[in-house]
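Beneath this line is the structure, given in structure tokens, with notes to follow.
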Amino acid sequence: MKKLRRLLIRLFLFILLVVVAIVIINTVSYSSKQIDVAAVEKIQVSNDVVQRLSDVVKIPTVSYSTHVDSIAFINLFEYFDTHFPLVDSMLETTQINQFSRIYKWQGRNSKLKPYLLIAHLDVVPVEGESQARWTEPPYSGKIKDEFIWGRGTLDDKVSAMGILETTEILLKENYQPQRTIYFAFGHDEEVGGKNGAQSMCEYFLSKKINFEYILDEGSIILEEAVPGLTQPAALIGTAEKGYCTLELEVNLDHGGHSSMPPKETAIGILSHALATLQDNPFPSNISQNTQELFDHIGPEMILPNKAVFANTWLFEGILKSQLEKAPSSNAMLRTTTAPTIIKGGVKENVLPTNVSAIINFRILPGETSETVIAYLNETIDDERVKVIKQNASFSSEPSKVSSSSSFGFNALQKTTKEIFPNTVVTPSLVIAGTDARHYEAVSDNIFRFTPVQLTKEDLKRIHGIDERISIENYKTMIAFYYRLILNSSI
Ligand SMILES: [Zn+2]
């Protein structure tokens, strides 16, 4: 008996030793995926760019689902045409549905595939009560404390302006790219992009234009992105989640008087279904896209964290439970469930027969709206709860995952290292929606990345209160586009 115990202890120690050895070997051999690129000196950008961004913030191109504020967009295009004279005279423009605009910058070598830079010109409205909480009014374009304040300074007029400023500078230097470049500036991204991005994609399709790569807004350079990573992470979005809204409806034959309620009421049945979904989130899954993120940031981490990322075969559970703690990293792991509207009942003493709830899902690549519906039916498992697909303007399946070894990713990676040398560049998953999802038919390599460095606190300003960009960040963004255009010209 003693012998057997000793043998078992030895066996256990041996297995432990092997596991520890594997963990150490994997950690030591976990090699960096960061490329070795020398930092370049950023181009000097004059202060005029600051004034011009401030000027366009003052033009309130707010998106409404009911109509387009045509005057604002006309004023904005007029501003572009008068303040970027070389862009205006040397690039070809095409208006799509009046308020979206495509620019074409002809390259020297028509054998090279063109690429496309996307931005959107519309901004989200400012809710009535929140207006008073802004430090500077949202359409003031105030320049104060080294910042430019107002709607569009992060999302996403800033990108369009950055691209135009860079082009004007390059044209002044008599630069002509080898590869033709298109810009596509949409006017309705914030309400779904149907008349802007989608129509522009149809235009490109009709002209049989296919792009080497496409760059849209999406992720950013985030400070303190992941615990254990001391450098900021340059998150280049290689995919975005899908979007689907479903209604749960309970329709009973009888409502009745609230003095003699049945055992189960419509509200009770619906509540039970919602609680079941809350208790049973979609299974977590380290998708191809997230695995790539791990492989890029893992080797750059401080030691205990590096060992965890290098050994997901052993620590996957720990890693997932850590990521599940914060809503933003949880959203990278699974399709998320967000009940947003609930309806039912009209009078305090009448049992309603019909009640419903609206739930918004953000779908992980690899799943579809159909698998979401199937999961709901299976999980709720109650025939009285009907699952009905809604036709939301943002509805889309998850995007394809763009390759991190493609020309476009390499150009972005190189440029990021040149301009932001102290960052870890990594593919990532964008958990919100962008116009880029409309362009899948015209390119296999679509990236979502705005070259600005922000803190987690700053992220709340996007669609929130006190949207602003630092002058330093904006000038660096122009330096980034400048290098990107040179690096993509090959
Ligand atoms: Zn945006």
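Of everything in the stretch 76-101, what is assigned to a loop (DSSP other than H, G, I, E, B), of a type in the set (A, V, I, L, M, F, W, C) and either closer than 24 Å to GLY192 by Cβ or free of Cβ contacts under 8 Å to residues at least 12 places away in the same chain (or both)? Give them in sequence order. Within the stretch 76-101, just PHE99 meets the criteria. Only one of the numbered conditions (1) part of a helix (DSSP H, G or I); (2) more than 16 Å from the ligand (Cβ to nearest atom); (3) within 24 Å of LEU205 (Cβ to Cβ) is not met by TYR439, and that is (2). Considering the stretch 159-189, the residues that are crowded, with 24+ Cβ neighbours inside 10 Å and acidic (Asp, Glu) include one that is farthest from the ligand (Cβ to nearest atom), namely GLU165. The single condition among (1) in contact with a strand residue (DSSP E or B) (Cβ under 8 Å, 6 or more places away or on another chain); (2) farther than 28 Å from ASN26 by Cα that LYS347 does not satisfy is (1). Residues in the stretch 105-121 that are out of contact with any Leu (no Cβ under 6 Å at 6 or more places or on another chain) and either away from the ligand (no atom under 16 Å from the Cβ) or aromatic (Phe, Trp, Tyr) (or both): GLN106, GLY107, ARG108, ASN109, SER110, LYS111, LEU112, LYS113, PRO114, TYR115, LEU116.
Number of residues in the stretch 25-75 that are in contact with a Pro (Cβ under 6 Å, 6 or more places away or on another chain) and assigned to a helix (DSSP H, G or I) equals 1. Comparison of PHE394, PHE449 shows that the only residue that is within 16 Å of the ligand (Cβ to nearest atom) and at pLDDT 95 or above is PHE449. Taken over the stretch 122-152, the criterion of being within 14 Å of the ligand (Cβ to nearest atom) and either in contact with a helix residue (DSSP H, G or I) (Cβ under 6 Å, 6 or more places away or on another chain) or modelled with pLDDT under 95 (or both) is satisfied by ASP122, VAL124, PRO125, GLY152. When both residues are 6+ apart or on different chains and their Cβ atoms are under 6 Å apart, which pairs have a first residue that lies in the stretch 152-178 and is within 22 Å of LEU112 (Cβ to Cβ), and a second that is within 16 Å of the ligand (Cβ to nearest atom)? Hits for this filter: ILE163/LEU117; ILE163/PHE183.
The values are calculated or read from the model by the stated rules, or taken from the named source; none is laboratory data. Every value quoted in this text rests on a predicted model; they were computed, and no experiment measured them. FYI the Cβ positions are ideal-geometry reconstructions off the backbone, even for glycines, and counts take in every protein chain you see.
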